[in-house]
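This report refers to the structure that appears directly beneath it.
The values are calculated or read from the model by the stated rules, or taken from the named source; none is laboratory data. Please read these numbers as outputs of a predicted model, since none were measured by experiment. In this analysis, Cβ positions are derived from the backbone assuming ideal geometry, glycine residues included, and neighbour counts consider all displayed protein chains.
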Amino acid sequence: MRSGAGLMLALLSLAAPLRAQSAAELTARCSDASGGAAWCAAGATAYQAAASGIGLAASAGSDIPGTSSTLGWRRGLGPRMALSARFTGARIPLPDLVEPIALELPELRSTVSHASLEGAVGLFDGFRWAPQYGGFLSLDLVASVGVLGLPQAHGFEGDAYSAGVGARVGLLRESFDVPGVSVSAVRRFLGDVRLGAARAITVRLEPAATSFRALIGKEFSVAGIVAGAGWDRYSGTVTIDGPESGRQPRSVTLDGPAFDRLLVYMGVSRTWQVLVVAGEIGWADGFDGVPDSSVQPFDPTAGSVFGSLSLRITR
């Protein structure tokens, strides 16, 4: 247990210095490209909120729900495989771009959902430190596809799709007297998203999310318990459209700067033969605020709550 807790703390300490002033940077670049347009701060803030909210809903917590160990191999029967159906919801802060009036951004609380199918296959069973301590450097391949439900009443147009691929590396396989400990990394692509309204500020983005997770857990007689920490990095291209303003450009397309945040989560699971039902709940950090009074009272430093329910079959 101590090794898993230390791993999570190390992940958090390494990620903290990398938090980027991304919205402020994007505001400055947009302003330079558009001749100092006042709407750039609002567009940059909306991009950060939308990309992070969508990325959080798609990434959630564990990459293989209901277990902290890698899948590994069955002796003489080849690799273990798992297929999961997961539904995730994330409650995110979002600036209101629907009203075509002032640049002040009232805060909305929107729910972004994600329904996904997730597969995993064991590639390597790892090494043994001792007879009861195995799974060191074991490896699973993980992949997922899904659809994101975006709240159109809050300015989104249509839904978006997700696709991801990555790996989980085992550090310790769960056994009778030790927990399972693993880390993972997954890259997800999240399609085209539009937020805003005609005659006002609109943001069009093609976000991607890179997710790192550290996880520890143990199966007990009644239920399994897992706890984890994570670090997400979001990036992608963004087009910010502002209100008509004489001869100044109304539309600016830029490569969105990468920005990071931390999250923590925990979950419980119940196993029946090869079927696992797992639920998770977590909290994701907010971002540094934009030093521009035009985006108030929206608060980008507010965190987000997320949760998921999964069904997993393993063979």
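Descriptive notes on the structure:
- Single residue of region 199-237 satisfying the filter (of a type in the set (D, E, K, R) and either buried (at least 24 other Cβ atoms within 10 Å of the Cβ) or under 20 Å from residue 44 (Cα atoms) (or both)) that is modelled with the lowest pLDDT: 199
- Selected residue (criterion: farthest from residue 188 (Cα to Cα)) from residues of region 123-150 that are touching a residue at least 60 places away in the same chain (Cβ under 8 Å) and in a loop (DSSP other than H, G, I, E, B): 135
- Filter result (closer than 27 Å to residue 166 by Cβ and outside any strand (DSSP E or B)) within region 199-234: 223
- Restricting region 151-187 to residues that are outside any loop (DSSP other than H, G, I, E, B) and of a type in the set (D, E, K, R), the residue that is surrounded by the fewest Cβ atoms within 10 Å (Cβ to Cβ): 187
- Within region 1-67, helices (runs of 4 or more DSSP H) holding 2 or more residues that are at pLDDT below 50 and surrounded by fewer than 24 Cβ atoms within 10 Å (Cβ to Cβ): 2-15
- Given (1) touching a strand residue (DSSP E or B) at 6+ places or on another chain (Cβ under 6 Å); (2) modelled with pLDDT under 80, number of the condition residue 110 does not satisfy: (2)
- Within region 188-198, the set of residues being more than 25 Å from residue 231 (Cβ to Cβ), in a loop (DSSP other than H, G, I, E, B) and modelled with pLDDT of 80 or more comprises 192 only.
- The one condition in (1) modelled with pLDDT under 95; (2) within 27 Å of residue 124 (Cβ to Cβ); (3) surrounded by fewer than 20 Cβ atoms within 10 Å (Cβ to Cβ) that residue 143 fails to fulfil: (1)
Let's see how each residue does on (1) over 29 Å from residue 172 (Cβ atoms); (2) more than 18 Å from the chain's Cα centre (by Cα):
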{"residue": "50", "(1), (2)": "yes, no"}
{"residue": "54", "(1), (2)": "yes, no"}
{"residue": "57", "(1), (2)": "yes, no"}
{"residue": "65", "(1), (2)": "no, no"}
{"residue": "70", "(1), (2)": "no, yes"}
{"residue": "75", "(1), (2)": "no, yes"}
{"residue": "83", "(1), (2)": "no, yes"}
